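None of the figures in this text is laboratory data; all of them are computed from the coordinates on show. Note that this is a predicted model, so its numbers are computed, not measured. For neighbour counting, all protein chains shown are included, and Cβ atoms are generated from backbone atoms with ideal geometry for every residue, glycine included.
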Amino acid sequence: MLSATRNFAKSWVAAVLIGLLVVSFAIFGVNDAFKGNYTNDVVRAGSRRVSGPVFRQEFDNFRKNAEEQAKRPVSIEEAVQAGLDRRLLEEIATRESFGEMLSRIGIRPSDRLMEAELRKIPAFFNPISGAFDRELYQQRLGENGFTPARFENLMRDQIAVQHVGTAMLNGLNVPRAYSALGAIFELEARDVGYFVIDPRSVQPPAQPTDAQLTTLMKENADRLTLPEFRVLTVVAFTPAQLSGEIPVDEAEVKKRFDFRKDTLSRPETRSLVQIPVKDAATAQAVAARLTKGEDPAAIAKSLGVEAVSYVDKPQSAVSDKRVGVAAFALQAGQVSSAIQGDLGMAVVKVTKVTPGQAVTLEQVRPQIEAEVRKDAAAEKVYALTQAYEAARDEGANLVDAAKKAGVPAVTIGPVTQAGQGQQGQPLQGVTPKMLETAFGLAAGAESELQDAGEGSYFAVRVDRVIPKALPPLAEVKPQLTRFWMMREMVKRMQARADEFAARVRKGESLETVAAAAGAKVVHVTNLDRRTAAQSTQLSRDGLGKAFSAKPGDVFTAEHTQFGLIVGKLEAVRAPTGPTVARITEEVRPQVTMALFQDLGVAARKAARTEVGARIYPDKARAALGLPPLTKEEKAPATAGKAEKAK
């Protein structure tokens with residue numbers, strides 16, 4: 001499944017689906033009860049339904065994105081634990097609600113526009129003729145788990161959302177007063193004084209005892225507990241293992257080349273314009289005007305017709321075959337006389353000719369030989385799997401069956417379900433599907449032969465299960481000791497900083513208290529929100545507290561190095577002069593976009609309320625092969641009460 005998900009996520013159809021989600025949530029953000037009837041719908045939004053299989057497909061695609069971000073495999077259970085299923089449910093409900101609302105108010109792309117958009121997707125064009133191929137269109141959709149109806153509904157929603165977003169944003173400009181307030185906020189200057197409390201300011205703590213470290217380890221058990229490990233024996237059957245050992249059959253190479261040389265060769269292509277005409281006299285006039293260099297579109301418009309243009313297309317792409325034959329007999333720049341085609345009379349002008357190129361066997365030999373080896377390897381793999389299965393049917397265990405088939409059985413692990421070893425390093429030789437299979441078995445159990453995709457197969461045995469457990473204290477004692485010492489040091493520095501901050505709040509000057517602490521006061525002036533991030537004197541924590549304080553407020557914060565500061569906001573000055581006017585105009589587009597996003601959020605909420613979308617978490621979990629939620633895990637849906645399907 002994960003292999004298929006990876007392939008899907010790289011395909012054109014994923015780009016359209018992800019584009020829909022990105023557009024809808026970038027612009028607008030991320031019905032009834034079942035009445036006793038069984039259904040596997042996981043989302044209902046008015047007339048719209050999202051089934052369990054469709055949800056599973058989108059979930060797998062999102063999980064793949066999470067794997068790319070995490071740079072490691074992510075299991076279904078891990079993704080669900082992180083809340084991916086619930087977030088995806090909410091996003092789908094919002095998407096379908098907004099699409100339903102747009103449809104109800106009449107914003108729906110026409111069939112003509114849909115056809116035009118579909119014809120922009122290269123994957124739907126015949127590579128030979130260069131024309132849109134409806135059979136290929138349906139085939140490509142089926143390969144990616146889509147029906148034409150579902151894919152076209154997604155495209156309609158995407159187009160509708162884009163048009164609504166464009167209409168909302170076009171001409172939107174917030175009043176200058178709005179951006180002026182933003183400019184004043186950005187340019188407001190602040191002066192801060194502070195002194196540092198570092199480890200030298202406090203008495204260092206004593207080394208922790210084992211009892212203290214044990215308590216610390218238990219307090220952080222959720223972070224320190226080692227995951228479950230398993231030791232596996234894996235038998236793999238892959239074409240890659242065999243392709244290098246398989247000789248190439250020259251006769252098969254020549255046979256394949258002869259069969260495919262026409263498709264491998266590059267046909268001659270032309271750019272041309274075709275103008276329909278009613279009779280020979282009109283054709284003669286049109287040809288004369290084209291020869292003089294008049295614009296074909298203008299000529300066609302004067303006749304009340306539309307010019308048909310072909311750009312770098314082969315002869316087979318010309319819809320009228322007789323016109324195509326005549327056009328491909330012309331030279332570049334040449335204008336035809338009247339051509340009587342199958343669909344009517346026309347005049348053609350050729351603007352560009354790109355000669356074709358016939359391919360030779362030697363030019364494509366590496367490609368064809370690789371295909372021959374791959375197919376032969378696949379046949380060999382199949383034969384090995386049959387030998388393995390025959391041995392298993394006779395009662396042999398996984399290792400013995402592998403020996404009879406002549407395939408090695410490899411021991412791997414200990415390994416986690418995420419594919420990591422005991423030192424956290426990724427282990428080679430295992431795939432996410434192998435791990436998913438292995439972690440679904442009991443200790444000592446052996447899987448059936450599994451299809452790994454792309455002509456590969458595997459079987460796995462769980463040799464040993466190492467349960468989740470806290471590591472021995474001796475293994476983590478140095479790290480725990482460092483953490484404990486730093487935590488105690490921070491506690492002592494914080495207590496010291498709080499003591500000095502209290503003295504400043506009672507009226508002592510910052511300089512007097514700093515001297516008592518054995519420190520010097522540092523003054524930072526003219527801090528504003530635009531340049532604060534460039535400051536090297538205050539940490540992010542210090543800047544955050546300085547900009548949230550009122551004049552005279554005293555605060556403690558983290559220092560840029562290991563330590564704390566005691567700070568005081570000494571002054572706040574509002575900006576004046578031409579800089580404010582300039583920044584007012586500079587930030588106006590940003591404030592406008594923020595308003596636009598707020599409108600999008602409001603539109604999204606209105607759609608969820610208007611449509612009354614419902615989500616069914618238990619049905620979603622069932623689609624993922626998981627048990628229903630417990631009472632503790634259930635949470636109310638964002639819009640409308642989540643209801644469990646009967």
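Near the amide H of GLU570, within less than 5 Å, lie the amide hydrogens of ASP191, VAL192, GLY193, GLY552, all on another chain or at least 5 residues away, with H placed in the peptide plane.
A straight chain from SER51 to LYS321 at 0.36 nm per residue would run longer than the Cα-Cα distance by 92.7 nm. If only the Cβ of Lys and Arg carry +1 and only the Cβ of Asp and Glu carry -1, the dipole of the chain around its Cα centre is close to 1480 debye.
The value of relative contact order for the stretch 509-599, using C-alpha pairs under 8 Å at least six residues apart, is 17 percent.
Taken one residue at a time, the phi angles of the stretch 569-582 give Karplus couplings (6.51, -1.76, 1.60, θ = phi - 60°) of 7, 8, 7, 10, 10, 6, x, 9, x, x, 4, 4, 5, 5 Hz. Gly and Pro are set to x. In this rough spin-label picture, where each label sits 7 Å from Cα along the Cβ direction, the GLU78-LEU595 distance is 4.6 nm.
For the stretch 444-554, the Cβ-based charge dipole about the Cα centre amounts to some 860 debye (Lys, Arg positive; Asp, Glu negative; other atoms uncharged). Please compare each pair in LYS254/LYS374; LYS374/LYS404; LYS64/LYS120; LYS71/LYS374; LYS468/LYS619 to a cut-off of 20 Å on the Cα-Cα distance and tell me which ones are over it. Pairs exceeding 20 Å: LYS374/LYS404; LYS64/LYS120; LYS71/LYS374; LYS468/LYS619. Between GLN450 and VAL580, full extension at 0.36 nm per residue minus the direct alpha carbon distance yields a gain of 40.0 nm.
Relative contact order, whole percent, for the stretch 271-345 stands at 40, derived from Cα pairs under 8 Å and 6 or more residues apart.
Pairs of C-alpha atoms in the chain farther apart than 32 Å represent 72 percent of all such pairs. Computed over the Cα atoms of the stretch 271-345, what is the convex hull's projected area averaged over all directions, in nm²? Taking a quarter of the hull surface, the average projection is 4.4 nm². Evaluating 6.51 cos²θ - 1.76 cosθ + 1.60 at θ = phi - 60° for every residue in the stretch 224-236, the Karplus couplings come out as 9, 4, 6, x, 5, 10, 9, 9, 10, 10, 10, 10, 10 Hz, glycine and proline recorded as x.
Working note: 222 nm ellipticity from helices only, DSSP H runs with n ≥ 4, each -39,500 (n - 2.57), summed and divided by the residues of the chain, gives -16000 deg cm²/dmol to the nearest 500. Take the Cβ atoms of VAL399 and VAL490, set R0 to 51 Å, and the FRET efficiency comes out at 0.40. Once both labels are positioned 7 Å from their Cα atoms along Cα-to-Cβ, the gap between ASP279 and LEU473 label points is 10.8 nm. In a reduced charge model with +1 at each Lys and Arg Cβ and -1 at each Asp and Glu Cβ, the stretch 343-454 shows a dipole moment near 660 debye about its Cα centre. Applying 0.36 nm per residue to the separation of PHE562 and ALA149 and subtracting their alpha-carbon distance, the gain on full extension is 142.7 nm. Restriction of the chymotrypsin sites (Phe, Trp or Tyr not before Pro) in the stretch 515-621 to DSSP coil positions whose beta-carbon has at most 16 other beta-carbons within 10 angstrom yields PHE562.
Backbone amide hydrogens, once placed in the peptide plane, bring MET345 within less than 5 Å of VAL277, excluding anything fewer than 5 places away on its chain. For an R0 of 60 angstrom, estimate the FRET efficiency from the Cβ-Cβ distance between LEU330 and ALA602 and round to the nearest 0.05. In this case the efficiency is close to 0.50.
Place a label point 7 angstrom from the Cα of SER337 along the Cα-to-Cβ direction, then list the residues of the stretch 254-298 whose backbone nitrogen is under 11 Å away. Residues passing the 11 Å test: 284.
For the listed peptides 276-283, 49-56, 97-104, 502-509, a ranking on the average number of other beta carbons within 10 Å per residue, highest first, reads 97-104, 49-56, 276-283, 502-509. In this rough spin-label picture, where each label sits 7 Å from Cα along the Cβ direction, the ILE184-ALA390 distance is 8.8 nm. The packing ranking of peptides 586-594, 149-157, highest mean first, is 149-157, 586-594, where packing means the average number of other beta carbon atoms within 10 angstrom of each residue.
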